[in-house]
Structure formats: structure tokens, C-alpha cells
1. Is it the case, given these coordinates, that residue 288 is surrounded by 16 or more Cβ atoms within 10 Å (Cβ to Cβ), in contact with a helix residue (DSSP H, G or I) (Cβ under 9 Å, 6 or more places away or on another chain) and assigned to a loop (DSSP other than H, G, I, E, B)?
2. Do we have residue 363 as on the phi < 0 side of the Ramachandran plot, assigned by TED's automatic domain parsing to the domain that holds residue 284 and surrounded by 14 or more Cβ atoms within 10 Å (Cβ to Cβ) here?
3. Write out, first by first residue and then by second, each pair whose Cβ atoms fall under 6 Å of each other, whose residues are 6+ apart or on separate chains, and whose first residue, in segment 124-138, is within 15 Å of residue 216 (Cβ to Cβ) while the second is modelled with pLDDT under 90.
4. Filtering segment 392-408 down to residues that are touching a Ser or Thr at 6+ places or on another chain (Cβ under 8 Å) and not basic (Lys, Arg), which residue is surrounded by the most Cβ atoms within 10 Å (Cβ to Cβ)?
5. Of the conditions (1) part of a helix (DSSP H, G or I); (2) among the aromatic types (Phe, Trp, Tyr); (3) within 13 Å of residue 265 (Cβ to Cβ), residue 314 fails just one. Which one is it?
6. Going through 385, 376 one at a time, which residue ends up being more than 25 Å from residue 287 (Cβ to Cβ) and charged (D, E, K, R)?
7. Within segment 149-173, restricting attention to residues that are touching a helix residue (DSSP H, G or I) at 6+ places or on another chain (Cβ under 9 Å) and of a type in the set (Ser, Thr, Tyr), which residue is nearest to residue 235 (Cα to Cα)?
8. Could you list all residues from segment 134-158 that are part of a helix (DSSP H, G or I) and hydroxyl-bearing (Ser, Thr, Tyr)?
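The values are calculated or read from the model by the stated rules, or taken from the named source; none is laboratory data. Model, not experiment: these values are computed from the prediction. Cβ placement follows ideal geometry from the backbone for every residue including glycine, while neighbour counts extend to all protein chains displayed.
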Amino acid sequence: CLLGGRYGTTINKMLMGLAHKLQLTIYEHLVRFNSTHHNSKSNNPIINDVDLFSENSKGPNKDKSSWLTYMSKEMKKKFELARDFMLTNEKANVDIINKLLDSNISEKDLQNMLNGPKILFTNLSDKKFLMKTITKTGKDFGSLAGIYIWTHIPSNQKYVGSAIHLPTRLRSYFLKTSNIGKLLPILNNSPKGAASRPLRDPGPATRGPSPLSEFSLEVKFTPYSNDFRNELVVEQYYLLDKSFNLNTIRVSNNPSGSNAKSLFMYNRDCSILYYSSLKQIDFVRKLGIHHTTFTKHLNNKTFYLGKYLFLKEFIDTAQKVDLSMFDLLNMLEKDRVKFNINKPVNSLSTSVVLIDASTQEKYFFLSLGSALKFIRDKGYRADQRTLVKRLDTNIQYYNYYCKKAPVK
């Protein structure tokens with residue numbers, strides 16, 4: 001906007017591919033950083049010291065060296081775990097995926113994700129048609145998140161990636177803004193070693209046939225979830241497959257990002273500490289705070305629900321309250337009801353409390369779906385319609401009283 005005028009078109013193009021380009025630029029920088037600061041690398045083709053994050057990784061903090069040190073200490077174990085698993089030649093399963101992503105998915109969850117809608121494009125010449133088809137299919141399905149698989153047909157080399165918004169991510173590949181890694185030089189049909197040089201279009205007179213004609217593109221959509229980014233689970237499933245030999249990184253990006261230090265949730269004047277965790281994803285999964293909302297309040301130091309402050313700093317004068325997870329969730333739900341009184345709420349996002357009729361133990365669920373899954377995992381044939389009917393009726397449903405959260 002500051003440049004304005006005749007730079008408008010250029011700025012628009014830059015913005016369209018900014019996220020992808022920025023990630024690749026960071027990757028290139030850290031490759032150079034490692035090559036300068038390390039005298040040797042592993043000869044293992046699956047992982048080496050450079051392969052510390054995926055294309056989907058978020059950029060590092062301002063202190064790049066400390067971020068790199070953290071990754072090498074805390075995350076390298078997961079890369080080694082992925083490497084060791086791949087050496088077994090076994091097919092990826094929920095056990096290894098849960099260990100790598102700190103997730104808690106079941107085999108049924110994984111199969112549902114893998115069996116989502118998919119589209120195979122063998123002709124990539126009409127980019128507008130491709131994007132239009134992806135967008136329409138995703139909207140019909142109810143989610144534009146998923147994974148994409150590039151296959152170089154002559155060599156049968158493959159690459160898998162994931163995105164929250166597939167059209168935006170895939171559009172960036174057609175901009176040819178970078179030439180880093182194994183996939184892009186082939187996709188851009190550029191000579192080996194040109195990664196550090198800017199790409200220039202030689203013009204129609206000298207431009208050769210498009211390398212896209214040698215590729216197929218498969219797109220798979222994953223269902224939206226408040227609990228976890230499902231596209232990362234599916235991406236991780238394929239990353240553990242050796243046939244995806246254009247991928248150099250074998251661990252999908254952890255939604256906790258690059259937060260190496262603890263995160264804290266205080267009251268407005270920081271006199272009370274309600275909750276803390278080493279992982280941002282715990283605020284998302286366990287407390288039901290959308291990751292965009294959490295990041296916004298954390299970065300801007302604004303108050304979530306007008307009451308809570310997220311900080312990276314520990315304040316030793318704050319009094320830590322001894323709340324169980326149930327009481328913490330119930331307290332947050334009460335504040336959400338008050339704060340969002342005029343905000344339309346999807347029925348599927350209704351928070352539910354199940355009370356064991358025998359033990360009186362209480363279980364808090366952030367959605368009807370998660371409560372339903374809990375009952376079904378006990379071996380009961382529960383359905384959503386009946387569960388909704390049982391809310392606040394004091395009628396048992398498979399030995400549970402069903403309450404709409406929050407409870408008094």
C-alpha cells in the first residue's frame with residue numbers, strides 16, 4: 001500500500017504467494033546456516049541435521065539461533081523416531097502418528113481422514129479450471145483443508161504437502177517464485193544449482209514446453225475439526241512412505257509451532273494464573289480456543305473473552321489457582337456464554353457435560369461430536385439426535401446424564 005500506484009499488480013502477486021515463499025526463504029536461510037556451522041552431516045538419506053522442519057513449518061522467532069537450537073534438541077527426537085520407523089518398512093499407523101504429532105486419534109479417525117473426497121488432475125494446463133474445481137469440491141464437502149500429492153510421471157517421484165486452504169497453497173506453486181528443495185526445480189524445469197538465482201521468464205520465443213505436462217496432482221480433502229488439524233495427520237501418514245522421495249522432511253509441522261517456552265493464561269491484572277503449557281496446541285485442543293483467536297490475543301496482548309490474558313512470560317507474583325481441567329473448562333464456558341450472547345453458535349459446537357450415573361464423575365466435551373464419540377468408544381450405539389434429546393432431561397443415556405455446558 002505504501003508503494004501504491006504502478007506497483008499494485010506486483011504487490012498482489014507477491015501477496016498471493018507470500019506465505020509459501022516466506023517458508024521456502026526461511027528454509028534456504030537455515031540450510032546455509034547449518035552448512036556454515038556444522039562440519040559434517042548424516043549420510044542417511046531419510047534425515048540429516050538440515051532436515052529439521054517441513055514446508056508447512058511456521059517461520060522462526062526473531063532469535064533464529066535460539067529457535068534452531070530448540071528444534072535440534074526438542075524436535076530432533078521426533079525426526080529420529082520417524083527415520084527409525086521408516087527403516088522398518090512398515091505402513092504408517094496411528095501409534096507412530098500420535099507419537100510424532102502429539103495427537104490422540106483412533107484408527108477409525110485415521111481411516112475417515114484418508115477416505116475423504118479426492119480429485120486427480122492429469123492435465124494441469126488450465127489453472128483456472130483446476131482452482132475452481134478444488135474450491136467447489138471443498139465447499140461442497142465443508143472444508144478446504146487437506147493434502148496434495150505431486151507425482152513426476154517420468155520418474156515416479158512423489159511429494160506430499162498439506163494446507164488449511166488448498167486453493168491458496170496450490171496457487172503459489174504456479175507462481176514459480178522459488179526454486180528450493182527437490183520438487184520445485186523439477187516443477188519449474190530449472191537447471192540444478194539455480195536455487196539461489198532469481199527466476200526469469202525468457203519470453204515466449206525461448207520458453208520451452210511446460211514441465212507441468214510431466215506432473216499429475218492429486219488433492220484430498222480432510223474434515224474440519226476443532227480438536228486438531230486433520231490435514232497434518234494425513235500428511236504425516238504419507239510422509240512415512242518412502243515412495244514420497246521428493247520430501248526431505250519426514251515430520252509434519254506440529255500445530256504448537258515454534259513456541260519453545262511456556263505459555264500462560266492470567267486474569268486481566270496478572271494476579272491469578274489459571275493455566276500454563278509448553279504447547280500452544282494445548283490451548284486449542286484442551287481449552288477449545290481457536291488457534292487464530294489464541295494467536296491474535298497472544299500477539300496483541302488483548303483480553304480473551306474480555307477477561308483472560310495470554311503471555312509468554314511467567315509472573316512470579318501471580319497466584320496459581322488449583323482448578324481441575326473440568327472446572328477450568330466449565331468456567332471458560334460460562335464466560336463464553338456471557339461474552340458471546342449475541343453471537344450465533346452452531347449446534348454442533350455445543351459443549352456437553354456427561355455425568356456417570358454410577359460414580360457421579362463428570363466429563364466435559366467441547367462439542368456434541370466428541371461427547372458422542374466418547375459414548376460410542378464405550379461400545380454403545382449412540383446417535384446425535386437422541387443425545388440432543390437427553391440434554392438437561394435427567395434421563396440416563398447409556399448410564400450417563402447429559403447436560404448442556406456450563407453446569408452449575
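1. Yes.
2. Answer is no for this residue.
3. 124/212; 127/174
4. 402
5. (1)
6. Result: 385 is the single residue among 385, 376 that is more than 25 Å from residue 287 (Cβ to Cβ) and charged (D, E, K, R).
7. Looking at residues that are touching a helix residue (DSSP H, G or I) at 6+ places or on another chain (Cβ under 9 Å) and of a type in the set (Ser, Thr, Tyr), I get 162.
8. Answer for segment 134-158, where residues must be part of a helix (DSSP H, G or I) and hydroxyl-bearing (Ser, Thr, Tyr): 135, 137.
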